[in-house]
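Structure provided below as structure tokens; questions to follow.
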Amino acid sequence: MELKDSFIQTMSEVMPIFRVKPHFKCEEEAETQFLVSADQINVLNSFSHAFQGNILFGFSKALTLKIVSNVKGATVPAIDDESQNTIGEIATLAVNVAMSKFKAINSIYISPPVCIRGENVISMISRVKTTKLFFQVEGDSDLISIAYYIEPGLG
């Protein structure tokens, strides 16, 4: 299974657990693209060993609050450290599931999530050939983005 297909399947399986139903919308791929996100909440996971690369999730603040509120079972009014950790762990769960579908989970090390948040913040990780997937959230105007770069590793 290709990594793109792994993410598409994973998002449709994992996110409904948190009462969010994303549907694959489109893909962007360009040789000169940066691994970058301008979303308000970003979660970065790096991985190494048999494969190496980065995966960057992007969420709007409103969607992050919705997901975290669903997890907590109560309205979360603002993004705090606990909310940031929660969305980071959800993204990491999706990475782990997608990588297991990609048949790479036993041959890579996945870093803990790094959360980057803020208004008018652009997260640029590297200048590499990047694939970016967009998922439309059912009943919402928000998108979830997943930008990734992967190559054979040294392990």
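Test of understanding: what is the full-extension gain from residue 48 to residue 72, defined as 0.36 nm times their sequence separation minus their Cα-Cα distance?
Result: 5.4 nm gained on full extension.
Most exposed first by the Cβ proxy, i.e. fewest other Cβ within 10 Å, how do 111, 141, 83 rank? Before the final figure, lay out each step's value.
Values: 111 14, 141 9, 83 23.
If I rank by nearby Cβ atoms, fewest first, I get 141, 111, 83.
What nm value, rounded to one decimal, do you get for the distance between residue 103 and residue 136 when each label is placed 7 Å out toward the C-beta?
About 3.3 nm separates the two model spin labels.
A further question on this structure: Which FRET efficiency value, to the nearest 0.05, is calculated for residue 126 and residue 9 with the Förster distance at 30 angstrom and r the Cβ-Cβ distance?
Efficiency computed from Cβ-Cβ geometry: 0.70.
May I pose another question? Note the listed values (i) 15.9; (ii) 19.0; (iii) 15.5, then indicate which one is Kirkwood radius over Cα pairs in Å calculated from this particular structure.
Calculated Kirkwood radius over Cα pairs in Å: the matching label is (iii).
222 nm [θ] for the chain, helices only, -39500 (n - 2.57) per DSSP H run of 4+, per residue, to 500?
Estimated from H runs of four or more residues: -9500 deg cm²/dmol.
Let me have the relative contact order for the chain, percent, based on Cα pairs under 8 Å that are six or more residues apart.
Working: 316 pairs, mean separation 63.5, N = 155.
Over the chain, the number comes to 41 percent.
Whole Å is fine, so just give me how far the alpha carbon centre of the stretch 28-106 lies from that of the stretch 108-141.
Measuring centre to centre over Cα atoms gives 6 Å.
A further question follows. Could you sort out which of 21/101; 21/129; 21/72; 61/129; 72/103 sit more than 22 Å apart by Cα distance in this structure? List each step's numbers first, then the result.
On the way: 21/101 20 Å; 21/129 28 Å; 21/72 18 Å; 61/129 27 Å; 72/103 32 Å.
Listed pairs above 22 Å: 21/129; 61/129; 72/103.
Using unit Cβ charges (K, R positive; D, E negative) and no other charged atoms, how large, in debye to the nearest 20, is the dipole of the stretch 3-152 about its Cα centre?
Result for the stretch 3-152 is approximately 180 debye, rounded to the nearest 20.
Next up: Compare the Cα positions of 139, 69, 18 along the charge dipole of the stretch 3-152 (+1 at Cβ of Lys, Arg; -1 at Cβ of Asp, Glu; about the Cα centre) and return the one farthest towards the positive end.
18
Could you check the simple spin-label distance between residue 82 and residue 24, using points 7 Å along Cα→Cβ, in nm with one decimal?
Reported label-point gap for residue 82 and residue 24 is 3.7 nm.
Just so you know, all these numbers are worked out from the coordinates, no wet-lab data involved. Everything numeric here is computed off the predicted structure, so don't read it as measured data. Cβ: placed from backbone, ideal geometry, glycine included. Neighbour counts: every protein chain shown.
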